[in-house]
Amino acid sequence: MRILVTGKNGQLGQSINKLINIETKIENNPSSNEFIFVGREELDLSNNSSIINYFDNHDKFDIVINSAAYTAVDQAELSTTLIIMISLILSLTLQLTLQSIKQKKSKSLLTKLTI
């Protein structure tokens with residue numbers, strides 16, 4: 001399976017990457033899954049065009065794990081409601097854009113989206 005993980009530079013994305021690397025090294029057990037980690041540089045979730053361009057130019061993913069998050073910690077502590085709204089809006093935008101792309105393509109682009 002091909003698995004896309006957003007937020008590669010964040011705490012959760014780095015933890016997922018570390019966990020995958022540890023699991024594949026145990027007893028020299030290579031994973032049958034292909035993990036692709038992306039950050040804002042490759043896929044800007046606040047920009048619809050970036051989302052569309054990314055998925056138009058990359059092969060199908062079976063799973064998308066969205067671990068991207070708002071990272072200005074000081075500001076996040078001051079306005080938690082705003083940060084929750086930003087996270088929800090970005091996740092929803094990603095999901096709706098992927099569904100729109102999927103409907104336009106004959107092959108399935110996405111099997112499951114994890115938010």
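Table for the structure above
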{"quantity": "Cα-derived Rg over Rh, computed across segment 44-89 with Rh taken as Kirkwood radius", "calculated": "1.09"}
{"quantity": "Rounded FRET efficiency, nearest 0.05, which uses the C-beta distance separating T80 from K60 and R0 of 30 Å", "calculated": "0.25"}
{"quantity": "Counted charge near D44, where neighbours are those whose Cβ lies closer than 15 Å (Asp, Glu -1; Lys, Arg +1)", "calculated": "-1"}
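Only the coordinates and a few stated rules stand behind these numbers; no lab work does. Values in this document were obtained by computation on a predicted structure and should not be read as measured data. Heads up, the Cβs are rebuilt from the backbone with ideal geometry, glycines too, and the neighbour counts pull from every protein chain shown.
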